[in-house]
Amino acid sequence: DMRTIGLFTDIAEEKIAELIHAMLYLNEVNRLEKSEDKKKPIEFYVSTYGGSADDMFGMYDTMRQVREETEIHTIGVGKVMSAGVLLLAAGTKGKRKIGKYCRVMIHSVVGGTAGALHNLTNEMEAIQKLQDDYLEALVEETKMTKEDIKNMIERKVNVYLSAEEAVELGIADIII
């Protein structure tokens, strides 16, 4: 039986809620298996332009919890951009695959807001915190240092990487 789920859309609340439920369910199926050899990894396909950082972190925290018991094999296909990069990288180390022609893109956190100055200052601090958390998580999951990522995103708006570069940087492990 297949234990495959996929994100083929923007990272948004409704879709992420479905994926979190599916991942928790598949983890539970594994937990209930009496024999070890019947336990199967969860295959998680990722193809996204990115989306909500909050929903990305919801999925990421779930993955961190689930992979303690069940391997998560991430497979990046087509495009893995922005918030999707962390989700690809969050698979079980050594089991993260990427399509040969998959485009990977990293950029700094995008926030748009308008209003009174004190509100803007507050929003800027929140966006800065999101950016710091995102960098922190990428450092945790990849071979990149905070310096590497900062240099990368401060150099250009969008940084595009090939599958080979993604593997070199530890975002994925295997090119398919």
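The values are calculated or read from the model by the stated rules, or taken from the named source; none is laboratory data. Model, not experiment: these values are computed from the prediction. Using ideal geometry, Cβ is built from the backbone for each residue, glycine included, and neighbour counts are taken over all protein chains shown. Just the protein is used for accessible areas: all its heavy atoms, side chains included, with ligands, DNA and RNA removed. Shrake-Rupley method; radii C 1.70, N 1.55, O 1.52, S 1.80 Å.
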Long-range amide H contacts for S82: which residues qualify at under 5 Å (H placed 1.01 Å from N, peptide plane, sequence gap of 5 or more or a different chain)? M105, I106, H107
Point-to-point label distance, N119-E69, nm (Cα→Cβ direction, 7 Å offset): 4.3
What residues qualify as long-range amide H neighbours of L7, i.e. H under 5 Å apart, gap of 5 or more or another chain, H built at 1.01 Å from N? Y45, V46, S47
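Could you provide, to the nearest whole Å², the per residue accessible area of the range 1-159 with probe 1.4 Å? Don't jump to the answer; show the numbers that get you there.
Numbers: 8710 Å² over 159 residues.
I get 55 Å² per residue for this part.
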re the chain: pairs of Cα atoms spaced beyond 30 Å account for a percent value of 19
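Return the loop-located chymotrypsin sites (Phe, Trp or Tyr not before Pro) in the range 51-150 (DSSP other than H, G, I, E, B) with at most 15 other Cβ atoms within 10 Å of their own Cβ; answer none if there are none. Kindly include the intermediate steps, with their values, before the conclusion.
Numbers: sites: F57, Y60, Y101, Y134; in loops: Y101.
When the chymotrypsin sites (Phe, Trp or Tyr not before Pro) of the range 51-150 are filtered for loop state and at most 15 Cβ neighbours within 10 Å, Y101 remain.
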Report in % the part of the accessible area of the range 27-176 that belongs to carbon and sulfur, leaving out ligands and nucleic acids; probe 1.4 Å. 51
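Full extension from E140 to Y160: what is 0.36 nm times the residue separation minus their Cα-Cα distance, to one decimal in nm?
Values: separation 20, 0.36 × 20 = 7.20 nm, distance 2.06 nm.
Taking 0.36 nm per residue and subtracting the Cα distance, the gain is 5.1 nm.
For the range 45-111, state which GluC sites (Glu not before Pro) are in a DSSP loop and have at most 10 other beta carbons lying within 10 Å of their beta carbon.
Details: sites: E68, E69, E71; in loops: E68, E69, E71.
Here the sparse-neighbourhood loop sites are E68.
Could you compute the FRET efficiency for M2 and E147, with r as their C-beta to C-beta distance and R0 at 35 Å, rounded to 0.05? Could the numbers behind the result be given before it?
On the way: r = 41 Å, r/R0 = 1.16.
Computed FRET efficiency for M2 and E147: 0.30.
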Roughly speaking, what is the centre-to-centre gap between the range 115-176 and the range 15-84 when only Cα atoms are used, to the nearest Å? 20
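With r as the distance between the Cβ atoms of R31 and D61 and R0 = 25 Å, compute the FRET efficiency 1/(1 + (r/R0)^6) and round to 0.05. Provide the component values of the computation, followed by the final result.
On the way: r = 18 Å, r/R0 = 0.74.
After rounding to 0.05, the efficiency reads 0.85.
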Using the structure shown, list the pairs from K79/K143; K15/K39; K97/K129; K129/K150 with a Cα-Cα distance above 22 Å, or answer none. K15/K39; K97/K129
